Amino acid sequence: MKDSADVVIQIENLTKVFRVGFWGRKVTAVDRVSLAVHRGEVFGFLGPNGAGKTTTLKMLMGLIYPTSGHATIFGHPIGAPQAKAKLGFLPESPYFYDYLTGAEFLRFYGHLFGLRGAVLSKRIDELLDTVGMSHARDLQLRKFSKGMLQRVGIAQALINDPELVVLDEPMSGLDPIGRKEVRDLILRLKEAGKTVLFSSHILHDAELLCDRVAMIMKGRLVACGPVSDLLSGGSTHEVELVIERLVPEALERIRPFAKKVVVQGEQVMVVLASQQDVNHAIDVVRSVKGHVVSLTPHRASLEDLFIREAKTARQPVEVAA
Amino acid sequence: MKILSIALNTFRENLRDKLLYNLLIFALLMIGSSIIISKLTLGDFDRLMIDIGLASVNFFGVLIAIFIGIGLVSKEIDKKTIYTIVSKPVARYEFLLGKYLGLLITLLVNTAIMTVGLVVVLWARNVTVDGLLFEAVGMIFVEFMVITAVALLFSTFTSTTLSAIFTLAVYVIGHLTPDLKTFSEKMDEVGRAVMNGLYYVLPNLERFNLKGHVIHHLQVTSADLALIVLYGLAYATFLLVVAGLIFERRDFR
Ligand SMILES: Nc1ncnc2c1ncn2[C@@H]1O[C@H](COP(=O)(O)OP(=O)(O)OP(=O)(O)O)[C@@H](O)[C@H]1O
Ligand SMILES: [Mg+2]
């Protein structure tokens with residue numbers, strides 16, 4: 001267990017029940033979620049659409065109140081100004097005051113932290129540069145594209161040089177270059193000793209970035225831990241073999257132990273489940289003078305885990321009004 | 001300082017509202033039209049001009065207070081701009097106060113413009129303008145402070161449409177409160193209880209009306225003025241505290 005001083009966010013049994021519609025039907029958006037985010041780590045909060053990621057983050061930011069359970073940030077209860085002073089938050093698909101220019105926008109948020117004058121101006125220049133928006137400093141936000149808004153949104157979250165950065169879908173709306181830049185930015189924050197919590201349904205990003213991830217489905221935590229642990233607990237390691245110039249009778253010798261065989265013109269793709277099978281298949285190929293074009297180990301990915309969990313996840317818990 | 005930053009940002013936002021300019025133009029047209037009316041009137045036209053002028057300042061200011069006031073908070077929630085504010089070290093009541101003060105700045109500027117218009121029109125017709133006129137405008141502004149607080153209070157817990165209707169109702173009934181008492185005398189038990197309830201709960205907005213004094217050149221003592229201002233401030237403060245308590249408990253969803 002981690003030292004309590006190293007726990008930045010502690011969530012215990014956090015639950016949110018929304019009442020929707022005219023009759024106030026109850027929908028449990030987040031159901032007894034418990035987890036801890038440690039100092040200096042990049043923590044991924046993963047789950048499909050409607051899983052409850054945004055709802056959880058909004059509770060942490062003090063925007064909505066938990067129905068039950070509780071959470072602390074830097075040891076302070078949710079909403080404490082001491083905690084808010086040390087964190088930065090990027091909401092999901094953010095909307096901002098569109099009559100402000102990029103620089104005015106950041107200046108306004110700086111003022112909310114009591115920053116002013118030359119210190120603030122310098123910080124604004126740095127941040128616009130960091131998110132690649134220096135060219136838009138005097139452009140009104142109404143003229144920004146979605147990705148540009150996302151970028152100044154990230155800049156806004158960093159205005160106070162926060163120790164904890166909470167980002168709700170930071171990559172959404174960004175082009176491949178933008179995504180890469182955000183990934184680099186998150187890694188730089190980590191290098192600077194910051195703690196980053198971000199939500200995403202893009203598992204590839206999470207795999208590249210996160211020290212640990214939590215996976216949430218239908219409001220429930222289904223997995224939580226270091227990425228490597230979650231992956232090794234998953235499916236067996238398969239190997240994909242692509243072969244050329246394989247005589248049909250040789251293929252028939254491989255087929256019985258192959259997990260999957262796909263013939264594509266000249267090439268044959270074979271998926272094998274164990275190292276032994278791989279060796280066997282290669283022996284066959286060499287004996288008939290075929291060519292092994294490629295041999296690719298199939299690493300289990302978060303995606304496999306994600307899809308497996310999604311299949312077993314239950315319907316949202318709904319209690320009649 | 002945070003409150004002031006939010007207030008100034010709100011003021012900027014208000015300045016982008018077309019409704020503001022439309023109402024301002026209408027107000028100035030109304031005030032200006034009193035010149036024409038005065039020319040059609042025989043005799044005592046100064047009285048009429050002052051009456052129309054102050055009534056226009058009051059009415060259009062109240063419309064600005066209501067129609068911008070009801071959107072102050074709900075717009076921020078709808079557009080989710082509030083997410084980035086409340087997650088900063090800004091207490092919810094600070095946000096609310098900032099929005100309130102921002103609209104007051106807008107109203108102050110508008111009231112100043114309308115008053116200049118009124119003074120110009122009065123001068124054009126050689127009507128004497130004395131300090132009393134400015135005292136009357138000052139009290140109208142205190143009324144704006146109350147009405148803005150009413151609009152803000154409603155908008156913390158109900159839709160913009162209902163907020164507008166309720167606030168307009170408070171404005172209208174608030175000017176009739178002295179009549180409520182009279183009304184109630186002609187009613188049965190229940191009716192009287194309701195009327196008396198309204199009489200004591202709703203602000204007595206007629207207290208802010210000094211038109212009669214301006215027209216008849218009746219001086220108002222500073223003690224009386226102070227009392228009116230105090231009444232307005234106390235009432236607005238009370239409304240803001242209630243609004244703050246409701247706002248504190250709200251989910252932004
Ligand atoms: N304001 C609200 N009122 C009622 N129900 C809500 C509200 N916000 C969210 N929900 C419900 O709560 C559940 C979780 O929603 P949430 O926005 O937290 O999902 P998410 O994981 O962020 O999804 P996405 O990846 O699409 O952003 C959904 O079933 C949603 O319908
Ligand atoms: Mg979401």
Added length on full extension, which subtracts the Cα-Cα distance from 0.36 nm per residue, A:Ala80 to A:Leu208: 42.8 nm
List A:Glu249, B:Glu13, A:Glu12, ordered by accessible area with a 1.4 Å probe, largest first: A:Glu249, A:Glu12, B:Glu13
log10 of Debye I(q)/I(0), alpha-carbon scatterers only, for the stretch B:5-147 at 0.11, 0.21 Å⁻¹: -0.47, -1.19
Three-way shape label, chain B, alpha-carbon gyration tensor, a/c 1.5: oblate
Convex hull per residue volume in Å³, alpha carbons only, for the stretch A:60-102: 103
Per DSSP, loop trypsin sites (Lys or Arg not before Pro) in the stretch A:201-269 with at most 16 further Cβ within 10 Å: A:Arg245, A:Lys259
Accessible area per residue, Å², the stretch A:238-298 with all protein chains present, probe 1.4 Å: 62
Potential extension, A:Glu191-A:Asp229 segment - 0.36 nm per residue separation minus Cα distance: 11.4 nm
Long-range amide H partners of A:Ile64 with built H, under 5 Å: A:Met59, B:Phe252
Gap separating the Cα centres of the stretch A:195-264 and the stretch A:10-50, nearest whole Å: 27
Sites B:Asp251 and A:His237, calculated FRET efficiency, Cβ-Cβ separation with R0 60 Å, nearest 0.05: 0.85
R0 of 51 Å, Cβ-Cβ distance A:Ser93-A:Val263: FRET efficiency to nearest 0.05: 0.70
Solvent-accessible surface (1.4 angstrom probe) belonging to B:Glu206, in square angstrom, nearest 10: 70
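Do me a favour and compute the ellipsoid semi-axes for the protein assembly as shown from its Cα gyration tensor, root of five times each eigenvalue, largest one first, whole Å.
Its equivalent ellipsoid spans semi-axes of 66, 26, 21 Å.
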FRET efficiency estimate (nearest 0.05) - Cβ-Cβ, B:Phe157 to A:Phe22, R0 22 angstrom: 0.80
Violating pairs (Cα-Cα greater than 24 angstrom) within the set B:Lys18/B:Lys80; A:Lys58/B:Lys88; A:Lys16/A:Lys190; A:Lys143/A:Lys194: A:Lys16/A:Lys190; A:Lys143/A:Lys194
Inter-part distance where the stretch B:12-65 and the stretch A:90-136 are each reduced to a Cα centre, Å: 40
Helix runs (DSSP H) in chain B reaching 30 Å along axis by Cα, Kyte-Doolittle at least -0.5: B:18-40, B:45-69, B:92-124, B:131-155, B:222-249
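Determine the shape class of the stretch A:238-298: with a ≥ b ≥ c the square roots of the Cα gyration tensor eigenvalues, call it rounded for a/c under 1.5, and otherwise prolate if a/b is greater than b/c, oblate otherwise. List each step's numbers first, then the result.
Values: a/c = 1.43, a/b = 1.27, b/c = 1.12.
Rounded shape, in that the Cα axes give a/c under 1.5.
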Rounded to 5, the percent of DSSP beta bridges in chain A classed as antiparallel: 70
Residues in the stretch B:47-66 reached by a label modelled at B:Phe26 [backbone nitrogen below 13 Å; 7 Å Cα→Cβ]: B:56-66
Label-to-label distance, nm, for residues given as A:Asp6 and B:Glu189 (7 Å Cα→Cβ offset): 7.4
Burial ranking of peptide ranges A:88-101, B:18-31, B:184-197 (average Cβ count within 10 Å, highest at the top): A:88-101, B:18-31, B:184-197
Neighbourhood net charge (11 Å Cβ-Cβ; Lys/Arg +1, Asp/Glu -1) for A:His111: +3
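The values are calculated or read from the model by the stated rules, or taken from the named source; none is laboratory data. Just so it is clear, the model here is predicted, and its values are computed rather than measured. Reconstructed Cβ throughout: ideal geometry from the backbone, glycine too, with neighbour counts over all protein chains shown. Heavy atoms of the whole protein, side chains included, go into the accessibility calculation; ligands, DNA and RNA do not. Shrake-Rupley method; radii C 1.70, N 1.55, O 1.52, S 1.80 Å.
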